[in-house]
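Following: one structure in structure tokens, then a few remarks.
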Amino acid sequence: MEKIMEKLIITAAISGAEVTKEHNPAVPYTIEECVNEAGLAYDAGAGIIHLHVREDDGMPTQDKGRFKAAIDAIKIRCPDVIIQPSTGGAVGMSNDERLQPLELNPEMATLDCGTLNFGGDEIFENTENTIKYFAERMNEKGIKPELEVFDKSMIDMALRLHKQGYIQSPMHFELVMGVNGGISGTLRDFIFLRNSIPADATYTVAGVGRFEFELAAAAIIDGGHVRVGFEDNIMISKGILAKSNGELVEKVVRLAGEFSREIATPGEARKILGLKK
Ligand code: KMH
Ligand code: ZN
């Protein structure tokens, strides 16, 4: 029997912690720039804003006050959008530093499910105990984790922690593919990952760099969900910088239209993901 496809949830990862204005001048640093980029992505069809924040000079921070300022301002511009703060932060931050945005009681937040090389000498560290600690903090507050996996082993870790009661069903995975140090962004590996998650789980795919739109198309066809944004990719097409996160979201909306996949509003995204609000 043919599976009924849910509407497509588009997440915009508007800034990240690694990409800078030197890579693309439209990468947002100030609160005003964040609001503008979130707003353009929302207008184009994004239901979720995956949020990292920075100081005005571009330095990544997990400061609770800075997150509050950004979230409050984004909510004025995009009243119903789902704001999903990062608990990954930037490489080298301590666990408690990374966890600060949870104090603001967001509906969702990322939960990174393993350690990986992050290019050069950088290691993005998430030990088993760190993942358990983060999951417990989210459970206490009823915050839905988006399970960020950069490799197949991280899906296995999430499934083990699910069995142990740290992570509840239905699980929602973020398949981040093409990071230097993680799984590749090939179609073969996409199929491998998506076939490795439970049948009642949902997923969003985030293809890094040139993989962004190929994997978006694959997820649109497969019934999955899509993340785009400057955190993952700064190009609208080969050699051409995207003018905004909104332009990246518009391209996903066009692709979805070609396959008659409707776009979920934030309210519909909440229902699909089982968010409480
Ligand atoms: N910036 C990376 C080290 C997340 O948002 O949870 C971690 C990251 C994952 O971006
Ligand atoms: Zn992130």
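Quick notes on this structure:
- Evaluated at q = 0.14 Å⁻¹, the base-10 log of the normalised Debye intensity for the stretch 139-203, with identical point scatterers placed on the Cα atoms, takes the values -0.40.
- For the chain, the fraction of C-alpha pairs more than 24 angstrom apart is 43%.
- Using a Förster distance of 30 Å, the FRET efficiency for SER94-ASN180 (Cβ separation, nearest 0.05): 0.80
- Along the axis of the charge dipole computed for the chain (Cβ charges of +1 for Lys and Arg, -1 for Asp and Glu, origin at the Cα centre), the listed residues THR11, GLY58, TYR29 are led at the positive end by THR11.
- Computed on the stretch 150-277, with alpha-carbon pairs under 8 angstrom and 6+ residues apart, the relative contact order is 18 percent.
- Part-to-part distance (alpha-carbon centres) for the stretch 131-192 and the stretch 241-274, which is given in Å: 22
- Extending 7 Å from Cα along the Cβ direction at ASP156 and again at ASP80 yields two label points whose distance is 4.2 nm.
- Alpha-carbon Debye profile of the stretch 174-223, log10 I(q)/I(0) at 0.15, 0.16, 0.19, 0.24 Å⁻¹: -0.33, -0.38, -0.53, -0.85
- Cβ-based exposure ranking for PHE230, PHE192, in which fewest neighbours within 10 Å come first: PHE192, PHE230
- Ordering THR204, THR87, THR61 by the number of other Cβ atoms within 10 Å of each residue's own Cβ, fewest first, gives THR61, THR204, THR87.
- In percent, rounded to a whole number, the relative contact order of the chain is 24, using alpha-carbon pairs under 8 Å and six or more apart.
- Modelled FRET efficiency - R0 35 Å, GLU22 with PHE259, Cβ distances, 0.05 increments: 0.45
- Estimated [θ] at 222 nm from DSSP helical runs (n ≥ 4, -39500 (n - 2.57)) normalised by residues in the chain, nearest 500: -11000 deg cm²/dmol
- Per-residue Cβ neighbour rank within 10 angstrom, fewest leading, LEU275, LEU111: LEU275, LEU111
- Close Lys pairs in the stretch 125-277, defined as Cα atoms under 23 Å apart and 8 or more places apart or on different chains, number 18.
Read the figures in this text as sums done on the coordinates, not as results from a lab. Since the structure is predicted, the reported quantities are computational estimates derived from the model, not experimental observations. All Cβ positions, even for glycine, are placed from backbone atoms using ideal geometry, and neighbour counts span all protein chains on display.
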